[in-house]
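Down below is the structure, laid out as structure tokens.
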Amino acid sequence: MENRIIIDLKNVNFGYRERPALLKDLNFVLRQGDRVGMIGPNGCGKTTMLYLIMGLIKPNDGSVEIFGRRRVQEHDFVDVRERIGFLFQNSDDQLFCPSVREEIAFGPLNFGKRGKEVEAIIKRSLARVGLDGFKNRVPYHLSGGEKRRLAMATILAMRPRVLLLDEPTLGLDLPTVQRIAEILEEPGLSYVVVSQNIDFLKRTTTQVYTFEDGVLTPFRVPRK
Ligand SMILES: Nc1ncnc2c1ncn2[C@@H]1O[C@H](COP(=O)(O)OP(=O)(O)OP(=O)(O)O)[C@@H](O)[C@H]1O
Ligand SMILES: [Mg+2]
């Protein structure tokens, strides 16, 4: 049996207001277990595609189906945002709490987790991204790479099975890039990862796409 379809973009067209068409007749399917990469020139529309999936922008026409349901209105995306872990390209768009612990606890608390369980989640999530001991730090004062790791930790705290990661390795040191790659090896995950790091894509994905003049196109990653 073919794996369940998680994301299904059908004939999606999109252009920002007052701007020319950006994504043209986009058809994209992510199935359970798919590990997809996106690469391509600055401004080609990678982030825009992820925004369409998360409902942060709406297509001019075509359809966005996630977890088997068509998503149109804002409220259609509430459970999408709960179930898909989305890493923003810019960590400052992700972080909004006065402390690292609150940043990580936010999602779990919303889902009714309390007390010791939340503490355990904070500890575990920080450990996974190598930020042990950062619990009481101020997110705003972290370095770029630390912010990125924290943003990743806030996502991992929710244990999502589906991930959309926009440049997860940007600015990270080599050991941390390895850590992220290891995290993505967890069985059962499905994801789209945007990256300009070919080695990282080679390791973490089985198919890679790019946009050529707004058209989704397979990208051949040199694999030996
Ligand atoms: N809110 C907006 N209003 C108008 N134009 C926008 C808006 N957001 C993005 N754009 C433009 O749309 C195009 C695609 O942007 P997008 O962020 O999807 O590119 P990208 O492929 O993610 O690039 P990068 O590699 O730099 O992250 C760019 O030319 C960008 O300037
Ligand atoms: Mg981008």
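The values are calculated or read from the model by the stated rules, or taken from the named source; none is laboratory data. Nothing here was measured: the structure is a model prediction, and the numbers come from that model. Cβ coordinates were reconstructed from backbone atoms using ideal geometry, including for glycine residues, and neighbour counts include every protein chain displayed. Remember, those area values only see protein heavy atoms, side chains included, never the ligands or the DNA or RNA. Shrake-Rupley method; radii C 1.70, N 1.55, O 1.52, S 1.80 Å.
Worth pointing out:
- Qualifying residue in region 32-40 (condition: part of a loop (DSSP other than H, G, I, E, B) and open to solvent by 60 Å² or more (accessible area, probe 1.4 Å)): no
- Any hit, region 127-136, residues being in contact with a strand residue (DSSP E or B) (Cβ under 6 Å, 6 or more places away or on another chain) and either buried (at least 18 other Cβ atoms within 10 Å of the Cβ) or not small (Gly, Ala, Ser) (or both): no
- Count - residues of region 158-188 that are of a type in the set (A, V, I, L, M, F, W, C), under 16 Å from residue 91 (Cα atoms) and under 15 Å from the mean Cα position of the chain (by Cα): 5
- Answer residue from region 46-92, given it is outside any helix (DSSP H, G or I) and closer than 23 Å to residue 170 by Cα and is nearest to ligand 2 (Cβ to nearest atom) among those: 89
- Residue pairs meeting the criteria (Cβ under 8 Å; at least 6 apart or on separate chains; first among the basic types (Lys, Arg), in region 80-93; second assigned to a loop (DSSP other than H, G, I, E, B) and within 16 Å of ligand 1 (Cβ to nearest atom)): 81/55
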